[in-house]
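Here's the structure, in structure tokens; my notes come after.
The values are calculated or read from the model by the stated rules, or taken from the named source; none is laboratory data. Predicted model, so just to flag it, every value in this text is computed and none were measured. Cβ placement follows ideal geometry from the backbone for every residue including glycine, while neighbour counts extend to all protein chains displayed.
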Amino acid sequence: MKKRMAWVLAGVLPLAFLALFFLWPVFSLVARGFQDESGWTLDAVGHTLASARTVRIIRQTFTLAVLGTVFSTLLGLPGAYVLYRLRFRGQRALRAIVTIPFVLPSVVVGVAFRSLLNSTGPLGWLGLDGTPTAVVAAMVFFNYSLVVRTVGALWSRLDERTVQAARTLGATPARAFVTITLPALAPAIGSAASLVFLFCASAFGIVLVLGGSRIGTVETEIWYQTTTMLNLSAAAALSIVQLVFVSASLLLASVVRRRQQRALASRATVSQQQLRSSDAPVVAVTLLVIGVLVLVPLGTLVYRSFVVRGGGLGLANYANLATNASGALSVSVWAALCNSLIIGLCACALALILGWLVAYVLSRSPITRAGRTTITLLDSAFMLPLGISAVTVGFGFLITLNRPPLDLRSSWVLIPIAQALVALPLVVRTLLPTWRSIDPKLRQAAATLGASDSRILATVDLPLTARSIGLAAGFAFATSLGEFGATSFLSRPDRPTLPVVVYRLISRPGAENFGTALAAAVVLAVVTATVMSIAEALGGKETHGW
Amino acid sequence: MVSEGLTVNHIAVKYGQNLVVDDFSLTLAPGEIIALLGPSGSGKSTILRAIAGLEPLVAGSIAWDGVDVTHVPTHKRGFVLMFQDGQLFPHLDVAGNVAYGINSLPGPTRDARVAELLELVGLADYGKRPITALSGGEAQRVALARSLAPVPKVLLLDEPLSSLDTELRGRLAAEIRTMIRARDTAAIYVTHDTSEADAVADRVVLLQ
């Protein structure tokens, strides 16, 4: 009985947090869309959804997300093969390079592509600045490693003898790939693709920085309608559209993830193969993708951050970080970094505590059907913040947490809370596989040796999950450092975070602002990447599973 | 004209720096069943994989009917390898597995062949079953049917019964001999079990 209480408590606490800081704000915002002075109405929503502008925005969001997903997947497959199935010298370094974009804040990604594509950039002659092509390229840059890692993790565990069996039965290498390898990889491909679609459809920072005024997605449109047009009902209508997008892809992701866990259960050992001459084309494609798509934008960002007025190299842009000479900001960039770090630590602690509890509950496999259904529902519920427009969360906070008993509007604690919400799904996804992998017999053995439930928790569960906690902490901290959607609503002018400052700088005219923006983006990238690499080192290799 | 069968000529295979197979030779007449008997680690599985074209040779050659096939890719050799654990394709049903190697045949012929082979291995009505619903012995019967379907020149069996319990093993060994005989296929049967080797093969080759 006492045990059951602990379970319920472990589940109730995060649920209460989710309800108060996620469901309530989001539903309030949506509800507001169905109200006018006289009461409940569908007019405003109907009007918004029927307008040509909304239709165009929805179509553009969908097109960009589909293109981003298709290209990430097509390019990610050879990458997964080369970086995970094969084995060669320097592979670890390549894997690390590929991971960089995924942990970079979206604002940094946007700024990196701007530095590459704008009129003064090395690829400026392509005329891609502010085009859908640029946005799709940045989406692929961002999500390539997600496909590579997810598909690669499964690919490295596929039994090569299955393909060999097909080959001795007369199948050509191509037929064996299509009829044996692809179906075996399908769950991982599906899982990765649905997550990539989710990230692309809810991309905010990238679109805002790269799209300018020419490209609008549902996400940026919600922002535009609320901050510029002050049209809440339109924003609410768009939030509903976004909800549909997100729920659909989350449902899909959860179905395929389930299948992947089943598929993975039968194969435990990694089987990699030596590089052969027949692998040359795939290796070439992968190196080209890593070079052009990953290294060139990053290199350009770093290089141009050192370019000073007059065209030479120097540290002027970095000197500006401390002085705020241009007057575009109310605080210096270093001060903003301090804000970011403090807020990030709070968000990280909050996300870890909640995520640990959630993973603890979700790792159970109840015997009853009702119990299993509850677990599935909980699983989906805590994935929701992953895709719900962070903008919606931020704006929802502003309109719901602004009156007693909970008036937090003027308090900075809203920012870490919002960021913890955004990081929570990642934390849960990182912790859950480790929780699930603990053999229940270990706990039973401890119990027969006289350990109480709390002692089992402290001596069995905690040590075995410790490494993944380190990794999850890194994810949470890095996510929080780079979070832009919700923070752009909640951040106060006198205490901006680093991404907010970067966006303000890049969206203002002037070469000096642009240069400072690049330097600030580099600082943000370096801090985030450092946090992630420390966490990865603590967490051991390839422990994270989606 | 009578075929000369399989000739394995002084082959050697290396894993890294280890010489796992060193100067191995063998001849196999058409229709003959040979058992390759040896303790684990004697390289007998590697010999089968080399014959199938799954391991590159560092020395020696392999020929079928007097024609060198050493550099012919696996799928063109017509030597089918039946794996220790069957390696059935989990996303295909029983019939889909058996039909895999005969996909170039027209539909009706293919279906007839599948039905004929499933009957041969004693699983006549199993075509629509998923692989996951099979017992260990049934799975190996399906794997045998799948291996025999493309009418291999040589059937290579890598300890096909080692994962089954002793009683079933004894019974199936004799049955496998009958089934291979019924198709008149040449076969090399790798095992570490002397009685199994005697039950299946016309001739036993000992490996040190």
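Just for region A:86-109: of the residues that are out of contact with any Gly (no Cβ under 7 Å at 6 or more places or on another chain) and not hydrophobic (A, V, I, L, M, F, W, C), which one is surrounded by the most Cβ atoms within 10 Å (Cβ to Cβ)?
Of everything passing the filter in region A:86-109, A:PRO101 is surrounded by the most Cβ atoms within 10 Å (Cβ to Cβ).
Quick one: in region B:178-193, which of the residues that are part of a helix (DSSP H, G or I) and touching a strand residue (DSSP E or B) at 6+ places or on another chain (Cβ under 8 Å) is surrounded by the most Cβ atoms within 10 Å (Cβ to Cβ)?
Among residues in region B:178-193 that are part of a helix (DSSP H, G or I) and touching a strand residue (DSSP E or B) at 6+ places or on another chain (Cβ under 8 Å), the one surrounded by the most Cβ atoms within 10 Å (Cβ to Cβ) is B:ILE180.
Would it be correct to say that A:ILE469 is modelled with pLDDT of 80 or more, farther than 21 Å from A:VAL109 by Cα and among the aliphatic types (A, V, I, L, M)?
Working: modelled with pLDDT of 80 or more: yes; farther than 21 Å from A:VAL109 by Cα: yes; among the aliphatic types (A, V, I, L, M): yes.
Yes, satisfied.
In this structure, does A:LEU251 turn out to be in contact with a Lys or Arg (Cβ under 7 Å, 6 or more places away or on another chain) and farther than 30 Å from B:LEU155 by Cα?
For A:LEU251, the condition - in contact with a Lys or Arg (Cβ under 7 Å, 6 or more places away or on another chain) and farther than 30 Å from B:LEU155 by Cα - is not met.
Based on this model, can you work out whether A:GLY212 counts as on the phi > 0 side of the Ramachandran plot, in contact with a Gly (Cβ under 9 Å, 6 or more places away or on another chain) and away from chain B (no Cβ under 14 Å)?
So A:GLY212 passes the test.
Can you tell me which residues in region B:134-168 are modelled with pLDDT under 85, part of a helix (DSSP H, G or I) and either among the acidic types (Asp, Glu) or buried (at least 20 other Cβ atoms within 10 Å of the Cβ) (or both)?
Within region B:134-168, B:GLU167 is the sole residue that qualifies.
Across region A:293-310, which residue is surrounded by the most Cβ atoms within 10 Å (Cβ to Cβ) among those that are of a type outside the set (A, V, I, L, M, F, W, C) and modelled with pLDDT under 90?
A:ARG309
Which residues, counting only those in region B:33-64, are among the charged types (D, E, K, R) and out of contact with any Gly (no Cβ under 7 Å at 6 or more places or on another chain)?
B:ARG49, B:GLU55
Given (1) over 29 Å from B:ILE62 (Cβ atoms); (2) within 12 Å of another protein chain (Cβ to nearest Cβ), identify the lone condition not met by B:VAL154.
All conditions pass for B:VAL154, except number (1).
Filter region B:78-92 for residues that are in contact (Cβ under 8 Å) with a residue 60 or more places away in the chain and of a type in the set (A, V, I, L, M, F, W, C); which is farthest from the other protein chains (Cβ to nearest Cβ)?
By that ranking, first place goes to B:MET82.
Does region B:37-61 hold any residues that are under 25 Å from B:THR194 (Cβ atoms) and β-branched (Val, Ile, Thr), and which are they? So that I can check it myself, show each step before the final result.
Of the residues in region B:37-61, the ones under 25 Å from B:THR194 (Cβ atoms) are B:37-52.
Once the filter is applied, which keeps residues that are under 25 Å from B:THR194 (Cβ atoms) and β-branched (Val, Ile, Thr), region B:37-61 yields B:THR46, B:ILE47, B:ILE51.
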